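Enquirer: I am attaching a structure below and will ask some questions about it afterwards.
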Amino acid sequence: MQTVTRFITLLSLSFLFFGTAHATEKTPESVDGTTKVTAEEVIDLIGEMDDIVIVDARKSSDRAKGWIEDSIGLPNTDTTEASLAKIAPNKAGPIIFYCNGVKCGRSVESARNALKWGYSKIYWFRGGMSEWEAKSLPVVRQ
């Protein structure tokens, strides 16, 4: 019985360690099929494209702290082909995905899924909210 208890303790510690390690890993430098953009380029895209959809892939508790104006909260865990189609019915239209920043993989997952579902004009804001706020750009808070 003591061996089983020790095994469960070690297993729990390994999940804790690997969960923590995963949370601090950086996102990839690029995501195949997307265009990586900076905060300034996001602003330019918003000004140039009336039909652009901005997707905040963060969880609701992160979004509650503030978001980019006109973005739509659709956490990566809730993103399905149908839920994305509701906010972005035109698969050839421009979409920007963002999350918390370079240590957040939520926007990566959402962008990759969008590509898999046939979306073709995807912009990935890798710096996300961390970069946005570091540059003192406007954030919507309620």
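Enquirer: Placing unit charges on C-beta atoms (Lys and Arg positive, Asp and Glu negative, everything else neutral), compute the dipole magnitude of the stretch 25-121 about its Cα centre in debye, rounded to 20.
Expert: Working: 13 positive and 16 negative charges, 99 e Å.
Computed charge dipole of the stretch 25-121: roughly 480 debye.
Enquirer: Considering the zone a paramagnetic label at Ala134 would reach in this model (a point 7 Å from Cα along the Cα-to-Cβ line), which residues of the stretch 101-123 have amide N under 14 Å from it?
Expert: Residues 101-104 qualify, since their backbone N sits under 14 Å from the label point.
Enquirer: How much FRET efficiency would the formula 1/(1 + (r/R0)^6) give for Glu40 and Leu115, where r is the Cβ-Cβ distance and R0 is 25 Å, rounded to 0.05? Kindly include the intermediate steps, with their values, before the conclusion.
Expert: Numbers: r = 24 Å, r/R0 = 0.97.
After rounding, the FRET efficiency stands at 0.55.
Enquirer: Here is a further query. What's the long-distance tail for the stretch 52-120, i.e. % of Cα pairs beyond 17 Å? Working shown, then result.
Expert: On the way: 764 of 2346 pairs.
Result: 33 percent of Cα pairs exceed 17 Å.
Enquirer: log10 I(q)/I(0), Debye, Cα-only the stretch 92-142, no solvent, q = 0.17, 0.26, 0.31 Å⁻¹?
Expert: Those come out to -0.55, -0.94, -1.10, one per q.
Enquirer: For the stretch 24-142, which whole-number percentage of the solvent-accessible area (1.4 Å probe, protein heavy atoms only) is attributable to carbon and sulfur atoms? Let's see the in-between values first.
Expert: Numbers: 2990 of 6150 Å².
Carbon plus sulfur share of accessible area: 49 percent.
Enquirer: Here is a follow-up. Can you spot the lysines whose alpha carbon is less than 27 Å from Lys65's alpha carbon? Ignore those fewer than 8 places along the same chain.
Expert: In chain and number order, the partners are Lys26, Lys36, Lys86, Lys103, Lys135.
Enquirer: Please compute the per residue accessible area over the stretch 67-142 with all protein chains in place, 1.4 Å probe, rounded to a whole number of Å².
Expert: Working: 3650 Å² over 76 residues.
Ligands and nucleic acids excluded, the result is 48 Å² per residue.
The values are calculated or read from the model by the stated rules, or taken from the named source; none is laboratory data. Predicted model only: the values in this text are computed from it and were never measured. As a convention, Cβ positions derive from the backbone with ideal geometry for all residues, glycine included, and neighbour counts pool all protein chains shown. For the accessible areas, the whole protein counts, side chains as well, though only heavy atoms, and no ligand, DNA or RNA atoms are used. Shrake-Rupley method; radii C 1.70, N 1.55, O 1.52, S 1.80 Å.
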